[in-house]
Amino acid sequence: MKIPVVRKVLEVNETMAGQNSNTFNRHGVLVLNIMSSPGAGKTALLERTLADLCAELRMAVIEGDVQTTNDAQRIAATGVPVVQINTDQACHLDSSMIQEALGRLDLNELDILFIENVGNLVCPAAFDLGEDLKITLLSVPEGDDKPLKYPSMFTRSQLMILNKLDLMPYLDFDLDKAEQGAHTVNPDLEVISVSARTGENLEAWYTWLRRHLEAKRKA
């Protein structure tokens, strides 16, 4: 009896995701859905990205969280527009939440919209939001086995960012093993390794952003 209900929920979500996608395409905004487990460093990566690229790109953030506005306050401190979504115990954002949040943003004034999803390596992967690309953030402290343990997240993403490289000397983490696991479940997955704290290799991430923004503008 539960299967038809779940299918209907996903179908409704897909319909609204399509509406969101049409809206984003109409305005030429590149939309990125950033997913990870709690504490992987999504907000830290966004803080650094927004600070480094604010003179070059017009950006905004939709911030998803279960309860608090802590991360949204950090993003707001960078000076970019931010919309907070509290899911009230739900483990993911859905397309209806994004559609409602869009009413508080001027898409004509944006190049890139980042959606920071709720911290969870399972639920967010199942719900499209109308985004252009999905990004999964994996941090060194989580362990190098996560792509194989949570394949859906990595299978549905176009990019995996390995964060917190600065902790490599202190933890037993095999970069090659993590990348091999990711490519086992998704051979086409791009991988970029960075440290949001020290700035190590962030230019590779920024180059990726510019490349996909240019592709969006040409589409």
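What number of residues within region 138-157 satisfy the criterion of being more than 19 Å from Asp94 (Cα to Cα), outside any helix (DSSP H, G or I) and either of a type outside the set (D, E, K, R) or within 12 Å of the chain's Cα centre (by Cα) (or both)?
4
Across region 118-137, what is the total count of residues that are more than 13 Å from the chain's Cα centre (by Cα) and in a loop (DSSP other than H, G, I, E, B)?
Of the residues in that region, 1 qualify.
With the structure loaded, tell me whether Leu209 is of a type in the set (A, V, I, L, M) and either out of contact with any Phe, Trp or Tyr (no Cβ under 9 Å at 6 or more places or on another chain) or at pLDDT 95 or above (or both) or whether it fails that test.
yes
Among (1) closer than 12 Å to Met160 by Cβ; (2) buried (at least 17 other Cβ atoms within 10 Å of the Cβ); (3) under 17 Å from the mean Cα position of the chain (by Cα), which single condition is Glu179 missing?
Tallying (1) closer than 12 Å to Met160 by Cβ; (2) buried (at least 17 other Cβ atoms within 10 Å of the Cβ); (3) under 17 Å from the mean Cα position of the chain (by Cα), Glu179 fails exactly one: (3).
Would you point out which residue out of Asp106, Asp132, Asp88 is open to solvent by 50 Å² or more (accessible area, probe 1.4 Å), charged (D, E, K, R), more than 29 Å from Asp172 (Cβ to Cβ) and at pLDDT below 95?
Just one listed residue meets the conditions, Asp88.
Regarding Ala55, is this residue open to solvent by 10 Å² or more (accessible area, probe 1.4 Å) and among the small types (Gly, Ala, Ser)?
yes
Please find, among Val80, Val122, Val66, the residue that is in contact with a Ser or Thr (Cβ under 6 Å, 6 or more places away or on another chain) and open to solvent by 10 Å² or more (accessible area, probe 1.4 Å).
Criteria check complete, one pass: Val66.
Out of the residues in region 135-169 that are more than 27 Å from Arg211 (Cα to Cα) and basic (Lys, Arg), state the one that is most open to solvent (accessible area, probe 1.4 Å).
As a first pass, look at region 135-169 and keep what is more than 27 Å from Arg211 (Cα to Cα): 141-146, 148-150, 167-169.
Still in the list and also basic (Lys, Arg): 146, 149.
Working: Lys146: 32, Lys149: 117 Å².
Restricting to residues being more than 27 Å from Arg211 (Cα to Cα) and basic (Lys, Arg), the top hit is Lys149.
Take region 29-50 and flag every residue that is within 9 Å of the chain's Cα centre (by Cα) and under 15 Å from Thr78 (Cβ atoms).
The answer is Lys42, and nothing else.
The conditions are (1) crowded, with 17+ Cβ neighbours inside 10 Å; (2) more than 19 Å from Asn13 (Cα to Cα), and Asn117 fails exactly one of them. Which is it?
(2)
For region 22-43, which residues satisfy the criterion of being part of a helix (DSSP H, G or I) and either open to solvent by 10 Å² or more (accessible area, probe 1.4 Å) or out of contact with any Leu (no Cβ under 9 Å at 6 or more places or on another chain) (or both)?
Across region 22-43, the qualifying residues are Asn22, Thr23, Asn25, Arg26, His27, Lys42, Thr43.
Kindly indicate whether Asn86 is of a type outside the set (Ser, Thr, Tyr) and farther than 26 Å from Ile192 by Cβ. Walk me through it before giving the result.
Details: of a type outside the set (Ser, Thr, Tyr): yes; farther than 26 Å from Ile192 by Cβ: yes.
Against the criterion (of a type outside the set (Ser, Thr, Tyr) and farther than 26 Å from Ile192 by Cβ), Asn86 qualifies.
The values are calculated or read from the model by the stated rules, or taken from the named source; none is laboratory data. Predicted, not measured: the structure shown is a model, and the values here were computed from it. Here Cβ is always computed from backbone atoms with ideal geometry, including for glycine, and neighbour counts include all displayed protein chains. SASA here: full protein model, heavy atoms, side chains in, ligands and nucleic acids out. Shrake-Rupley method; radii C 1.70, N 1.55, O 1.52, S 1.80 Å.
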